[in-house]
Amino acid sequence: MPFEPFDYDKLPPEGVYWVAGTRPVVDVRVNECGRKTRVPTGEFITFTALTWIVPYPNGDVEFDSIDLIHLEIGDDDVITHFAPLQRPPHPDH
């Protein structure tokens, strides 16, 4: 399955795609008030996820993750590549 570079200015048609990207690593800390805060470490991890991509006419894009391991694509995540979902052949063929 070949991945193609993802261009936020030239979105693919709506559909199910594999996406690959980067996600910032954060430490979760408790502040003086007892609230949890996210503190970026400056590091990034890579991820892949099976996602429904919904492009909007105004240029916005929505990523609805259907991958149970990566439940959502966060606002801080950057999608760098995508690949259309392809139906595998039946094992009897």
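No lab work stands behind these numbers, since they all come straight from the coordinates. Predicted model only: the values in this text are computed from it and were never measured. Here the Cβ positions follow ideal geometry from the backbone for every residue, glycine too, while neighbour counts run over all protein chains shown.
Each of Asp27 and Leu50 was given a label point 7 Å from its Cα along the Cα-to-Cβ line. The distance between the two points is 3.6 nm.
Under 5 Å between amide hydrogens, built in the peptide plane, is the criterion, and for Ser65 it picks out Trp52, Ile73 among residues at least 5 positions away or on other chains. For segment 20-25, 3J(HN,Hα) computed residue by residue from phi via the Karplus equation (6.51, -1.76, 1.60; θ = phi - 60°) reads 10, x, 10, 9, x, 8 Hz, glycine and proline entered as x.
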